[in-house]
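In what follows, a structure is listed as structure tokens, so that the remarks can point back to it.
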Amino acid sequence: MEKRILYGGDYNPEQWLDAPDILEKDIQYMKEAGINTVTLGIFSWSALEPQEGEYQLQWMEEQINRLYENGISVIMSTPSGARPKWMADKYPEVLRVNPDRQRILFGGRHNHCYTSPVYREKVRKINTLLAEKFASHPAVILWHISNEYGGECHCPLCQKAFQDWLAERYGDIEKLNKSWWTAFWSHTYRSFEEIESPSPRGESELHGLTLDWKRFVTERTADFLEEEIKALRAGGAKQPTTINLMYDFPFLDYDRLSKSVDIVSWDSYPVWHKREDIETALDNGMQHDYMRCLKKKPFLLMESCPSATNWHKISKLKRPGVLAAAGIQAVAHGSESVLYFQIRQSRGSSEKFHGAVIDHSGRDDTRVFKEASALGQGLAGLGEIVGSQVKSEVAMVYDTQNRWAMEGAMGPRNEDLHYHEAAMKTYKALRKKGLNVDVISETSSLEEYRLVVAPMLYMFHDGFEEKIRGFVEKGGCFVLTYWSGIVDEEDRCFLGGTPYGVMDVFGMRRTETDSLYTGEVNELCPAAGSFLSKTYECRNLCDLITVEEGKALMSYGKEFYQGTPAVVENKYGEGLAYYVGADAEQGFYDDFYAHLMKQLNITSLVAGIVPEGVEVSARSGDGADYVFVQNFRNAATDIRCMKLEGQILYGRNMEELLPYESLVVKAGK
Ligand code: GLA
Ligand code: ZN
């Protein structure tokens with residue numbers, strides 16, 4: 001099959017079955033806009049099974065046939081994201097119980113219990129039926145499992161499943177008591193049956209319990225997901241599977257969940273035009289990179305908004321050009337699709353004002369429709385990019401389980417630890433220099449990288465210290481920051497000094513950590529002989545450090561620890577290790593990584609300089625590299641300083657980019 005970037009989005013014909021003229025028009029408009037793919041069936045359960053056991057799949061079949069006849073592929077969803085009313089009424093166990101142990105009423109979506117045998121059976125049946133009916137249809141290219149999995153259930157069935165999961169994990173209750181440190185406050189358990197999930201009405205401060213509960217919620221979700229897939233396979237589905245993930249989602253460990261599907265996809269809804277657009281673009285870019293690295297291969301942009309996102313606090317219109325910029329950005333970071341929520345705007349209920357390709361006017365001469373069509377045309381010229389990879393010599397560790405542990409820990413700053421911001425500072429510094437960046441978890445291999453940065457790696461997964469050591473020993477450069485290597489996988493503090501197991505690698509020891517009040521500032525001052533020569537501000541957290549074999553590059557400028565080391569460099573094995581002891585301002589990271597790039601001879605994706613407000617990325621194909629250059633400024637930008645060369649696949653010229661304009665250049669290898 002000819003390579004093509006999937007272009008289209010969520011389509012909900014079930015809302016329009018009594019309006020055949022509209023459904024007809026939709027197809028015509030899709031073709032006009034270059035749409036080649038739609039996602040069907042996400043919230044269709046009550047149309048597919050209006051009464052228990054009474055299935056109506058005819059309308060769906062007609063839609064799929066018609067789409068296929070018009071050259072449009074289908075991503076087929078399982079409907080488990082929202083169940084019909086009859087099911088909730090007849091089998092209340094399908095509804096979730098909240099942490100207060102109260103069963104919630106029918107309503108909303110995504111509020112089903114992941115353990116309920118009834119719910120699992122109902123999902124199994126409908127999934128198998130959908131597969132039997134549609135898996136062999138040539139239009140169906142991918143299975144989209146449920147929608148944006150999330151949330152947790154505290155019902156008795158889930159409690160039992162949690163206890164069983166713990167029994168399996170720990171083997172005996174003594175081991176659990178030790179791991180969770182339950183002797184503290186006399187919280188010792190005598191058996192697994194005594195354990196309950198965390199609750200604001202009960203146990204909420206046993207950090208080991210909270211952490212394991214979060215792990216269990218991910219495992220339960222993964223187990224449910226795997227059953228959904230099994231049911232599809234039983235019905236004959238052979239296509240790959242995906243789940244749509246969410247922005248910086250803190251409730252599930254995507255690193256684990258993504259293992260259960262073939263392709264990662266995600267839903268991107270940036271808040272544009274509230275701050276500098278390049279800041280929004282970089283923030284969104286980091287998420288793209290995180291999603292790509294879950295499987296270290298191309299992903300899909302499953303949802304994005306063509307205009308205003310109505311669940312934002314203020315639903316601002318995207319300025320002209322931003323629709324295309326956001327779509328191209330996804331492809332630049334490794335997506336093989338640009339898909340929207342939604343193709344046709346719904347008429348009523350809570351998303352009636354959510355942006356869509358076809359709005360309530362039903363016209364194809366709207367600003368948004370015209371922009372969507374132009375992008376459809378542009379993407380048609382980028383088909384050869386499909387299958388190419390985003391390659392990077394540099395990785396940043398951004399780990400969900402670390403975040404759970406750190407944010408739940410009652411430590412130095414309970415107001416806000418600024419983990420995301422800390423990661424962003426590193427990411428931005430590297431991206432502004434024109435580097436692709438992998439965003440990985442602690443479970444990833446480090447082997448292929450030359451530089452790995454781990455901001456605030458409070459929790460070391462079992463053996464992570466050895467991974468760092470091995471990496472540096474063999475010649476890698478590792479940068480670790482403040483508040484790292486403090487606890488083990490059960491959130492128990494390491495004894496004998498931190499960062500645990502790698503003090504010799506970094507040539508230093510953390511002795512204490514000072515927390516600064518919000519707004520309070522300390523300084524990082526260059527030490528004699530340091531490659532850094534400026535003074536920078538630092539905030540929030542300052543580690544107090546004793547240097548052993550290492551060399552201090554910066555010291556604190558204020559407080560009782562004025563003059564003591566803040567940034568340390570150490571040569572270890574064949575490699576280099578840096579410990580950055582405080583939450584420094586952006587300028588520090590910009591200068592620090594500029595130096596490391598030179599030192600390690602890591603080069604930018606472009607020969608020249610990346611101008612302010614411009615994002616550059618690259619994908620490598622078999623015979624060519626594809627360089628993406630995007631202007632996220634609301635002003636024309638001269639890009640001659642980038643010294644681009646090659647054939648233009650998308651865009652106008654290599655001299656100047658208009659506001660939000662993008663350029664894709666194919667360069668020979
Ligand atoms: C999510 C959901 C969609 C829709 C959009 C609206 O991403 O998956 O069903 O509700 O939000 O932005
Ligand atoms: Zn439950």
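The values are calculated or read from the model by the stated rules, or taken from the named source; none is laboratory data. Note that this is a predicted model, so its numbers are computed, not measured. Counting neighbours? That spans all protein chains shown, and the Cβs are built from the backbone with ideal geometry, glycine included. Please note that ligands, DNA and RNA were not included when accessible areas were found on the heavy atoms of the full protein model with its side chains. Shrake-Rupley method; radii C 1.70, N 1.55, O 1.52, S 1.80 Å.
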Among Val94, Val118, which is closer than 30 Å to Pro198 by Cα, within 16 Å of ligand 2 (Cβ to nearest atom), of a type in the set (Val, Ile, Thr) and open to solvent by less than 10 Å² (accessible area, probe 1.4 Å)?
-> Val94
If only one of Glu548, Glu585, Glu569 is assigned by TED's automatic domain parsing to the domain that holds Ser530 and at pLDDT below 95, which one is it?
-> Glu548
From the list Glu69, Glu54, which residue is surrounded by fewer than 22 Cβ atoms within 10 Å (Cβ to Cβ), under 25 Å from Ser373 (Cβ atoms) and modelled with pLDDT of 95 or more?
-> Glu69
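Only one of Phe341, Phe353 is under 25 Å from the mean Cα position of the chain (by Cα), open to solvent by 10 Å² or more (accessible area, probe 1.4 Å) and in the same structural domain as Ser265 (by TED's automatic domain parsing); which? Even if it seems obvious, please write down each step before you answer.
Details: Phe353 fails: under 25 Å from the mean Cα position of the chain (by Cα).
The unique qualifying residue is Phe341.
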First in the stretch 254-270 and farther than 30 Å from Lys316 by Cα, second anywhere and among the acidic types (Asp, Glu) and open to solvent by 30 Å² or more (accessible area, probe 1.4 Å), Cβ under 9 Å, 6 or more apart | Arg256/Glu219; Ser260/Asp223; Ser260/Glu226; Ile263/Glu336
For Lys474, all conditions in the list (1) open to solvent by 40 Å² or more (accessible area, probe 1.4 Å); (2) more than 21 Å from Leu446 (Cα to Cα) hold save one; what is the number of the exception?
-> (2)
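Going residue by residue through the stretch 610-619, is there one that turns out to be basic (Lys, Arg), crowded, with 16+ Cβ neighbours inside 10 Å and either within 24 Å of Asn284 (Cα to Cα) or touching a residue at least 60 places away in the same chain (Cβ under 8 Å) (or both)?
Here is the first cut: in the stretch 610-619, the residues basic (Lys, Arg) are 619.
Of the ones still in play, those that are also crowded, with 16+ Cβ neighbours inside 10 Å are 619.
Filter once more, so that each one left must be either within 24 Å of Asn284 (Cα to Cα) or touching a residue at least 60 places away in the same chain (Cβ under 8 Å) (or both): 619.
Checking the stretch 610-619: at least one residue is basic (Lys, Arg), crowded, with 16+ Cβ neighbours inside 10 Å and either within 24 Å of Asn284 (Cα to Cα) or touching a residue at least 60 places away in the same chain (Cβ under 8 Å) (or both).
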Go over the candidates Phe192, Phe162 one by one and state the one that is of a type in the set (A, V, I, L, M, F, W, C), at pLDDT 95 or above, more than 16 Å from ligand 2 (Cβ to nearest atom) and open to solvent by less than 30 Å² (accessible area, probe 1.4 Å).
-> Phe192
Pairs returned, first residue in the stretch 289-309 that is assigned to a helix (DSSP H, G or I), second residue that is charged (D, E, K, R), beta-carbon separation under 6 angstrom, 6 or more apart or interchain, are Cys293/Asp438
Please verify whether the stretch 238-246 includes one or more residues that are away from ligand 1 (no atom under 16 Å from the Cβ) and open to solvent by 30 Å² or more (accessible area, probe 1.4 Å).
-> yes
Report whether or not Ile104 is at pLDDT 95 or above, out of contact with any Phe, Trp or Tyr (no Cβ under 6 Å at 6 or more places or on another chain) and more than 16 Å from ligand 2 (Cβ to nearest atom).
-> no
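May I ask you to say which residue of Ala594, Ala552 is in a strand (DSSP E or B) and either out of contact with any helix residue (DSSP H, G or I) (no Cβ under 9 Å at 6 or more places or on another chain) or surrounded by 14 or more Cβ atoms within 10 Å (Cβ to Cβ) (or both)?
Numbers: Ala594 fails: in a strand (DSSP E or B).
The unique qualifying residue is Ala552.
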Restricting attention to the stretch 5-39, which residues are buried (at least 18 other Cβ atoms within 10 Å of the Cβ), charged (D, E, K, R) and not in a helix (DSSP H, G or I)?
-> Asp10
Could you figure out which of (1) over 30 Å from Gly378 (Cβ atoms); (2) under 30 Å from the mean Cα position of the chain (by Cα); (3) among the hydroxyl-bearing types (Ser, Thr, Tyr) isn't true of Tyr556?
-> (2)
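In the stretch 326-335, is there at least one residue being among the β-branched types (Val, Ile, Thr), within 20 Å of Asn12 (Cβ to Cβ), more than 16 Å from ligand 2 (Cβ to nearest atom) and open to solvent by less than 10 Å² (accessible area, probe 1.4 Å)? I'd like the intermediate steps shown before the answer.
So in the stretch 326-335, the residues among the β-branched types (Val, Ile, Thr) come out as 328, 331.
If we keep only those that are within 20 Å of Asn12 (Cβ to Cβ) as well, we get none.
No, because not a single residue in the stretch 326-335 is among the β-branched types (Val, Ile, Thr), within 20 Å of Asn12 (Cβ to Cβ), more than 16 Å from ligand 2 (Cβ to nearest atom) and open to solvent by less than 10 Å² (accessible area, probe 1.4 Å).
Could you list, in sequence order, the residues of the stretch 524-543 that are crowded, with 20+ Cβ neighbours inside 10 Å and either in contact with a Ser or Thr (Cβ under 8 Å, 6 or more places away or on another chain) or free of Cβ contacts under 8 Å to residues at least 40 places away in the same chain (or both)?
Here is the first cut: in the stretch 524-543, the ones crowded, with 20+ Cβ neighbours inside 10 Å are 524, 536, 538, 540-543.
Leu524, Asn540, Leu541, Cys542, Asp543, listed by residue number.
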Looking at (1) within 27 Å of the chain's Cα centre (by Cα); (2) within 16 Å of ligand 1 (Cβ to nearest atom), can you tell me which one Glu152 breaks?
-> (2)
From Val386, Val390, Val338, Val322, residue being within 30 Å of Leu457 (Cα to Cα) and at pLDDT 95 or above = Val390
Residue list for the stretch 652-664, filter: under 10 Å from Asn631 (Cβ atoms) and either part of a loop (DSSP other than H, G, I, E, B) or not assigned by TED's automatic domain parsing to the domain that holds Tyr626 (or both) = Leu658, Pro659, Tyr660, Glu661
Go through the stretch 417-461 and give me each residue that's within 15 Å of Tyr482 (Cα to Cα), in a loop (DSSP other than H, G, I, E, B) and either among the aliphatic types (A, V, I, L, M) or at pLDDT below 95 (or both).
-> Leu417, Met456, Leu457
Can you tell me which residues in the stretch 478-525 are among the β-branched types (Val, Ile, Thr) and not in a loop (DSSP other than H, G, I, E, B)?
-> Val479, Thr481, Val487, Thr498, Val505, Thr511, Thr513
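Regarding the stretch 482-496, can at least one residue be identified that is among the hydroxyl-bearing types (Ser, Thr, Tyr) and open to solvent by 40 Å² or more (accessible area, probe 1.4 Å)?
The answer is no, given that none of the residues of the stretch 482-496 is among the hydroxyl-bearing types (Ser, Thr, Tyr) and open to solvent by 40 Å² or more (accessible area, probe 1.4 Å).
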Give me the pairs, please: first residue somewhere in the stretch 104-127 and small (Gly, Ala, Ser), second residue anywhere and within 14 Å of ligand 2 (Cβ to nearest atom), beta-carbon distance under 8 Å, and either six or more positions apart or on two chains.
-> Ser116/Tyr91; Ser116/Glu93; Ser116/Val94; Ser116/Cys155; Ser116/Leu157
